[in-house]
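Inspection log for the structure reproduced underneath, given as structure tokens.
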Amino acid sequence: MAASSDGAPRRPRVALVALGCRVSRADVDAVASALGDRVELARDEEPADVVVVSGCTITGDADAAARRAIRRAARANPGARIVAAGCYAELRPEVLGALPGVAAVLGAREHAEVAGTVLRLAGLPAADPGSAAGASRGAGWGPPPLVLARHTRPFLKIQDGCDARCSYCVVPLARGPARSLAFDEALGRLSLLGARHAEIVVAGVHLGAYGRDLSPRRTLADLIRAAVGGGLRARLRLSSLEPLEVPLDLLDDPAVAPALCPHLHLPLQSGSDRILAAMRRPYRADGYRRAALEGAARLPGLCLGADVVTGFPGETDDDHRATLSLIEALPLAYLHVFRFSPRPGTEAAALPSAVPGAVARARAAELVALSERRWRAFLDGLLGKELEVVVERVEGGRARGTAREYATVRWRADPAAGDVRGALARVRVTGHDGDACEGVRAGRPTPHAG
């Protein structure tokens, strides 16, 4: 163990990097909790002895981002031991294992082993099976995310894997079949985290499938109702949901709706029925339209987001216009835009009629511009409103956090009024720059146990 500046032994410093979706962040949070106080978690720009990079593989760009992150970690931390983890590591371990500094490669299905590997690389003894790092609460789930990796809102994974076979998606190959965290365990983790944090992000690869594999069979709505009925004080943010699996009855249930953030992310992918069929998506444009409009009607002030893939093989100008037309007709606040990327092992990788790169880039640019306009309009709608914000950073006299409505909000910090990381603040929106809101303190912080 290295010595600190005063000569006392210091704990090994570990940097945790999560790329991609909220499930990747949830996995990294679980690693942080499993490591506990045996290591020191590195802050921004701090050198580290061990670096974990949890990479995504949803597109070729995501693969490249993971490789860049590993090379950057090797340059910034000479001599550090790097652990490559996540979906990309699951499918291409040989590629990541050959990168500089990489000492171990553990795929998405081995993420419960990451903490033990970090301890070994840091020269620490293996965790005791009864400790947080050694705890096993269901195969592959790891401990609840009580220690967070560089943020204040815990990402709780309650579902992993996917049984759908969308023709373009490699995630089922990386994550395996759909499986759910045991109902009582998920309920206990929500209660535990709710006593410590103002917001919990509930995550899953196929979140709407939660509970289908449990006995007795359960649903996501069952879990949310039980948590809120049990006195959960934290607000809940649901991560991405398939449009036909939104628990609509929760959105206007007076006993549950106040606990839910008015934010839904519903993957669209395309507004063309022909392309949706080729993608093997389980809905068509009208089904998506109905789900989006019903969600917006039931949850006032809803921030509604979508994923869109452009340049899918065979996509014509008419297909692209159908996508634009559907988006224009819906109350979408933002888009996550992806250019199609053929993923090895998927059906779509072998489809003919590839869209030229320049055409796909132009279509993506048009969608991004539309998303930027929609986001500005959404922020315009927040002007003058008081928002409940989780304080995520206080620096240089300024506070920043995330509102229930998903908008980032910045204001002049007042520690005496409770502006500290993890607290709730009420902020009145006075302006925005097209990306984030500016505001002023609007009163005392909302009470929260933690």
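The values are calculated or read from the model by the stated rules, or taken from the named source; none is laboratory data. As the structure is a computational prediction, the values presented were derived from the model and not from experiment. All Cβ positions, even for glycine, are placed from backbone atoms using ideal geometry, and neighbour counts span all protein chains on display.
Structure values in brief
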read-out	value
Any chance S191 is of a type in the set (S, T, N, Q), within 18 Å of the chain's Cα centre (by Cα) and not assigned by TED's automatic domain parsing to the domain that holds A26	no
Residue ID - surrounded by the most Cβ atoms within 10 Å (Cβ to Cβ), chosen from residues in region 238-257 that are under 24 Å from V390 (Cα atoms) and within 22 Å of the chain's Cα centre (by Cα)	S239
Condition check for A103: over 14 Å from R13 (Cα atoms), in contact with a helix residue (DSSP H, G or I) (Cβ under 8 Å, 6 or more places away or on another chain) and surrounded by fewer than 20 Cβ atoms within 10 Å (Cβ to Cβ)	yes
Search result, residues across region 400-423 that are modelled with pLDDT of 95 or more and under 22 Å from the mean Cα position of the chain (by Cα)	R400, G401, T402, A403, R404, E405, Y406, A407, T408, V409, R410
Counted residues, region 157-193 - those being touching a residue at least 60 places away in the same chain (Cβ under 8 Å), surrounded by fewer than 21 Cβ atoms within 10 Å (Cβ to Cβ) and of a type in the set (G, A, S)	3
Wholly enclosed strands (runs of 3 or more DSSP E) of region 152-268 bearing at least 2 residues more than 30 Å from R393 (Cβ to Cβ)	none
Residue list for region 202-226, filter: free of Cβ contacts under 8 Å to residues at least 24 places away in the same chain and among the hydroxyl-bearing types (S, T, Y)	S215
Candidates R235, R225, R196 - the one that is under 20 Å from R298 (Cβ atoms) and either aromatic (F, W, Y) or surrounded by fewer than 19 Cβ atoms within 10 Å (Cβ to Cβ) (or both)	R225
Matching residues in region 293-322 - criterion: being free of Cβ contacts under 8 Å to residues at least 60 places away in the same chain and over 21 Å from E245 (Cα atoms)	T310, G311, P313, G314, E315, T316, D317, D318, D319, H320, R321, A322
Selection count, region 222-237, where residues are over 20 Å from the mean Cα position of the chain (by Cα) and among the hydrophobic types (A, V, I, L, M, F, W, C)	4
Number of the condition not met by S54 [criteria: (1) crowded, with 16+ Cβ neighbours inside 10 Å; (2) more than 23 Å from the chain's Cα centre (by Cα)]	(2)
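Matching residues to (1) assigned by TED's automatic domain parsing to the domain that holds G311; (2) touching a Leu at 6+ places or on another chain (Cβ under 8 Å); (3) closer than 25 Å to V202 by Cβ; (4) crowded, with 21+ Cβ neighbours inside 10 Å:
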| residue | (1), (2), (3), (4) |
| --- | --- |
| A362 | yes, no, no, no |
| A365 | yes, no, no, no |
| A369 | yes, no, no, no |
| R376 | yes, no, no, no |
| V390 | no, yes, yes, yes |
| G396 | no, no, no, no |
| T408 | no, no, yes, no |
